[in-house]
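Here is the structure we will look at, set down as structure tokens.
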Ligand code: ATP
């Protein structure tokens, strides 16, 4: 009684000019899963996410979403179908208010009533955003901007949410908050792919995980299997 595979990556290769950043990877994500992708700087995690969401073209391999190849389709198309990325560095519109940023997240929709309802839902998940709904996004703290970036992504009604390093640059207490928020969004039933430098936290909340090294996936397992693996502990969790 396994859940359907929503996302399947097959033999994916991505290059920047002559540099191969992703060298042939296979991964799959089932409905309702939280899958973490960990690995050191430059391993190719962000490149993988960008290829999945259509921001970068693949040089080889295929990506299937909801059972169909999405090769060659652009980000707008994918957002409309519910495959939504929250980029590293958040990318909020600094000179727009919080509410305006949320409405930008609904740019592929035109059901005004549903959009208004979803703004309220996002305010329900992030009360902090409601308190500051007229504040300019650029004046918010890093943690608040991360919440806004996630709220904006939720406005697209994602089936699969790709989060690129949501804890980056945040103070320890805000890191706790952001991981709680990721759990909350997962509890809503959204399938999540989480890219993180913070390997222990990312694996602790994951159903499954992959380890990426130099453009290849080198390990795969449940979150707890990977957390217990001596190679993962030595390379990513600071164990001797
Ligand atoms: P980090 O955790 O540091 O963000 P990452 O695992 O997400 O790392 P990528 O950002 O995917 O890694 O980078 C993979 C490789 O591709 C790196 O060697 C990087 O220098 C290279 N790369 C990334 N973006 C570009 C680009 N626009 N042009 C050329 N090379 C790039």
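The values are calculated or read from the model by the stated rules, or taken from the named source; none is laboratory data. Small disclaimer: the values here were computed from a predicted structure and weren't measured. Quick reminder, even Gly has a Cβ in these numbers, built from the backbone with ideal geometry, and neighbours come from all protein chains shown.
Just a few scattered comments:
Yes/no per residue for (1) within 17 Å of the chain's Cα centre (by Cα); (2) more than 10 Å from the ligand (Cβ to nearest atom):
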| position | (1), (2) |
| --- | --- |
| 4 | no, yes |
| 17 | no, no |
| 21 | no, no |
| 24 | no, yes |
| 34 | yes, yes |
| 60 | no, yes |
| 63 | yes, yes |
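- Matching residues, segment 36-58, being closer than 18 Å to residue 85 by Cα and within 10 Å of the ligand (Cβ to nearest atom): 37, 38, 44, 45, 46, 47, 48, 49, 50, 51, 56
- Which numbered condition residue 14 misses (of (1) at negative phi; (2) at pLDDT below 95): (2)
- Qualifying residue in segment 136-144 (condition: touching a residue at least 60 places away in the same chain (Cβ under 8 Å) and in contact with a strand residue (DSSP E or B) (Cβ under 9 Å, 6 or more places away or on another chain)): no
- Subset tally (residues that are surrounded by fewer than 22 Cβ atoms within 10 Å (Cβ to Cβ), within 17 Å of residue 194 (Cβ to Cβ) and touching a strand residue (DSSP E or B) at 6+ places or on another chain (Cβ under 7 Å)) for segment 218-231: 5
- Residues of segment 80-135 satisfying the condition of being touching a residue at least 60 places away in the same chain (Cβ under 8 Å) and either in contact with a helix residue (DSSP H, G or I) (Cβ under 6 Å, 6 or more places away or on another chain) or within 24 Å of residue 179 (Cα to Cα) (or both): 82, 83, 84, 85, 86, 87, 88, 89, 92, 125
- Residue among 78, 85 that alone is within 21 Å of residue 186 (Cα to Cα), away from the ligand (no atom under 16 Å from the Cβ) and at pLDDT below 95: 78
- Tabulated pairs, segment 47-62, first farther than 15 Å from residue 217 by Cβ and in contact (Cβ under 8 Å) with a residue 24 or more places away in the chain, second within 11 Å of the ligand (Cβ to nearest atom) and in a loop (DSSP other than H, G, I, E, B), C-beta under 6 angstrom, 6+ apart or interchain: 50/56
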